1. Taking Cα atoms, how many degrees apart are the long axis of helix 121-142 and the longest axis of the chain, rounded to 10 and kept between 0 and 90?
2. Taking the mean number of other Cβ atoms within 10 Å as a proxy for protection, how do you rank 116-129, 94-107, 32-45 from highest to lowest?
3. What distance in nm separates the simple spin-label points at R207 and D176, each placed 7 Å from Cα in the Cβ direction?
4. Quick one: which residues, 5 or more positions from T107 or on another chain, have an amide H under 5 Å from its amide H? H modelled 1.01 Å from N in the peptide plane, none for Pro or chain starts.
5. Just the number, please: percent antiparallel of the DSSP beta bridges in the chain, rounded to the nearest 5.
6. Need one number for the range 56-203: average projected area of the convex hull over its C-alpha atoms, nm².
7. Convert each backbone phi in the range 88-99 into a coupling constant with the Karplus relation 6.51 cos²θ - 1.76 cosθ + 1.60 (shift: θ = phi - 60°), then list the ³J(HN,Hα) values in order as whole Hz, x for Gly and Pro.
8. Please list, in chain and number order, the residues 5+ apart from M64 or on another chain whose amide H is under 5 Å from its amide H, with Hs placed from the backbone.
Amino acid sequence: MRQGRGPDELRPIRLVRGFTEMTPGSVLIEMGRTRVLCTASFDPEVPRWLRDEGRGWVTAEYAMLPGSTRERVPRSAVSGGRVKEIQRLIGRALRAVVDQKAMGEGTVRVDCDVLQADGGTRTAAITGAWIALHDAFTHAVQQGLLAAHPLVDHCAAVSVGLAGGAALLDLDYDEDVTADVDCNVVMTGSGGLVEVQGTAEGRPFTREQLGALLDLATKGIAGLVAAQRRALERS
């Protein structure tokens, strides 16, 4: 057993909406020992290259705070290549479930700050950022900045992997660094695939194994979307 859970079970998840008071969209997501603060704010303008296009934009930033890992993360690391790749991933994931025309010419900026890292920080960030984005849009509608809510579906993400030939859902740090195969999967609430990132750390894996991992991710993301829905019901 993996600290009291089976190979197809998520770590305990906790979503705290309104975690901070200064930003209309704010959520703390906890996936096991991983904790990410996600905030989102709406700006009724778009980047210069989108002006007069009649559609909006969603962008994201991601950072690991210095004390979030066992060894201190330098603040200079926030601009590294890995960080930029994760930022682009989060932005793509969120835009996949947004009607950008319904946004008009507005921008939502999502910030995902890792407070504590124990594996799956990028996937937790996407799952939590969706809630923050939802609440930022809701606030913009209430303020008359938007005529309608632009979100068209849920979006969540989870990691899966192969360790010793066994398929595992929602890897923690120790599992991630020893896994033979590590994948991050982003899906919509209706089951559409947004992104699949998969890597063999040694021996290649088969198409059948990939299918098993995607089935496992689908189950996990269904559980995460259910948690998002419960969080919204508590408003």
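Laboratory data are not the source of any read-out in this text; all were calculated from the coordinates shown. Bear in mind that the values here come from a model prediction, so they are computed numbers and not experimental data. Glycine also receives a Cβ, built like all others from the backbone with ideal geometry; neighbour counts cover every protein chain displayed.
1. 20
2. 116-129, 32-45, 94-107
3. For the pair R207/D176, the computed spacing is 3.0 nm.
4. Under 5 Å from the amide H of T107 lie the amide H atoms of D43, E45, W57, each far enough along the sequence or on another chain.
5. Taking every DSSP beta bridge with both residues in the chain, the antiparallel ones total about 85 percent.
6. For the range 56-203, averaging the hull's shadow over all directions gives 9.7 nm².
7. Per residue, the Karplus-derived 3J(HN,Hα) values read 5, 4, 4, x, 4, 4, 6, 5, 5, 10, 10, 7 Hz.
8. Answer set, sorted by chain and number: V114.
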